[in-house]
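Structure first, commentary second.
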Amino acid sequence: MKKLLGILMIISFFATNNVFAQTENITGKAKEFYEKAQQGDAEAQNNLAYCYYAGQDGVYLNYEKAVYWWRKAAEQGYADAQYNLGVCYGNGRGVNQDYSQAVYWWRKAAEQGYADAQNKLGFCYDIGRGVNQDYIQAVYWYRKAAEQGYADAQNNLGICYENGRGVNQDYIQAVYWYRKAAEQGNALAQYNLGVRYDEGKGVNQDYIQAVYWYRKAAEQGIAEAQYNLGNSYYNGEGVNQDYSQAVYWYRRAAEQGDADAQYNLGVCYENGRGVNQDSSQAVYWYRKAAAQGDENAKEALRELGY
């Protein structure tokens, strides 16, 4: 059974500093933004918030002031600021963590067509964070973002189709959306598309195409893709059998903590496939995998007398 990768929701963190009372000399571009922001210009308020967030263009880094100005712009309906304010609530930085408030502001931005917010709102419905879990609503918002070409949402929508979550299970549609994202360079979608080709679900089984997409994802550091690419080389599926290449990719995944890859790397060392036979290295990698609960690794250690 191949592993399925969903989107890793990565949200920027905004740290809290209670420094509103400090006197500050605003200079440069930030000064221009500040003067307009004070007059209620939402775009300037949003831009000033970015200056504080980055600590550039004439102000020192100050996340709390960034939150302050994003709220000012968000309350005027500025979608970019609404999205960023949602991020602050989602992470509890600059404000108390409050997922319901994160959802509130992401919804405001999403309803204006802001793809980042639509994807995040879909994710909240997907996992029940800040709202009651609702796969149908998750699909609704993922689709909104996906149709705008947002790659993370396209991958997420593909996962919904693959698992029949919020929609009828449909591997062809899953492949359709994975491909959309994969062709934009989305590593998780590249991996998921490789799995579909490997297993022949939603497409004709094609090991060459599986290897093609696994390699794309593996080169971007996706451990599961590195492991599967190692398997392709080990078994000679879609590529000429090459134990040294199998070891190379197993090692890449194993060093990231992938237990399956750690076990397979141990097997290669135990049997001298792709590397010089080395029992101590075999034991080393078996132990790494066993520590994560891998039963095959535990059995291999028992057979070796450990």
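The values are calculated or read from the model by the stated rules, or taken from the named source; none is laboratory data. Please read all numbers here as calculations on a predicted model, not as lab measurements. Counting neighbours? That spans all protein chains shown, and the Cβs are built from the backbone with ideal geometry, glycine included. For the accessible areas, the whole protein counts, side chains as well, though only heavy atoms, and no ligand, DNA or RNA atoms are used. Shrake-Rupley method; radii C 1.70, N 1.55, O 1.52, S 1.80 Å.
Tabulated data for the structure shown
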item	result
Which numbered condition Leu85 misses (of (1) farther than 18 Å from Tyr150 by Cβ; (2) without any contact (Cβ under 8 Å) to a residue 24 or more places away in the chain; (3) open to solvent by 30 Å² or more (accessible area, probe 1.4 Å))	(3)
Hey, Tyr233 buried (at least 23 other Cβ atoms within 10 Å of the Cβ) and within 22 Å of Leu301 (Cα to Cα) or not	no
Members of the stretch 114-130 that are over 16 Å from Trp70 (Cβ atoms), more than 15 Å from the chain's Cα centre (by Cα) and open to solvent by 30 Å² or more (accessible area, probe 1.4 Å)	Gly128, Arg129, Gly130
Residue within the stretch 283-293 that is modelled with pLDDT of 95 or more, open to solvent by 60 Å² or more (accessible area, probe 1.4 Å) and part of a loop (DSSP other than H, G, I, E, B) present	yes
Answer residue from the stretch 72-82, given it is more than 27 Å from the chain's Cα centre (by Cα) and open to solvent by 20 Å² or more (accessible area, probe 1.4 Å) and is nearest to Lys108 (Cα to Cα) among those	Gly77
Selection count, the stretch 254-282, where residues are among the acidic types (Asp, Glu) and either at pLDDT below 95 or part of a loop (DSSP other than H, G, I, E, B) (or both)	3
Output for the stretch 207-240, where each listed residue is touching a helix residue (DSSP H, G or I) at 6+ places or on another chain (Cβ under 7 Å) and among the polar types (S, T, N, Q)	Gln209, Gln220, Gln226, Asn228, Ser232
Every residue from the stretch 181-221 that is in a loop (DSSP other than H, G, I, E, B) and open to solvent by less than 60 Å² (accessible area, probe 1.4 Å)	Gly185, Asn186, Gly200, Gly202, Val203, Asp206, Gly221
Breaking point among (1) in contact (Cβ under 8 Å) with a residue 12 or more places away in the chain; (2) touching an Asp or Glu at 6+ places or on another chain (Cβ under 8 Å); (3) within 22 Å of Ile159 (Cα to Cα), for Gln205	(1)
Which listed residue, of Arg273, Arg252, is without any contact (Cβ under 8 Å) to a residue 60 or more places away in the chain, open to solvent by 30 Å² or more (accessible area, probe 1.4 Å) and in contact with a Gly (Cβ under 9 Å, 6 or more places away or on another chain)	Arg252
Enumeration of residues in the stretch 88-113 that are over 23 Å from Gln154 (Cβ atoms) and either of a type in the set (Ser, Thr, Tyr) or open to solvent by less than 10 Å² (accessible area, probe 1.4 Å) (or both)	Cys88, Tyr89, Tyr99, Ser100, Tyr104
Filter result (within 17 Å of Gln101 (Cβ to Cβ) and open to solvent by 90 Å² or more (accessible area, probe 1.4 Å)) within the stretch 131-144	Asn132
Every residue from the stretch 39-55 that is among the polar types (S, T, N, Q), without any contact (Cβ under 8 Å) to a residue 24 or more places away in the chain and either surrounded by fewer than 20 Cβ atoms within 10 Å (Cβ to Cβ) or closer than 18 Å to Val95 by Cα (or both)	Gln39
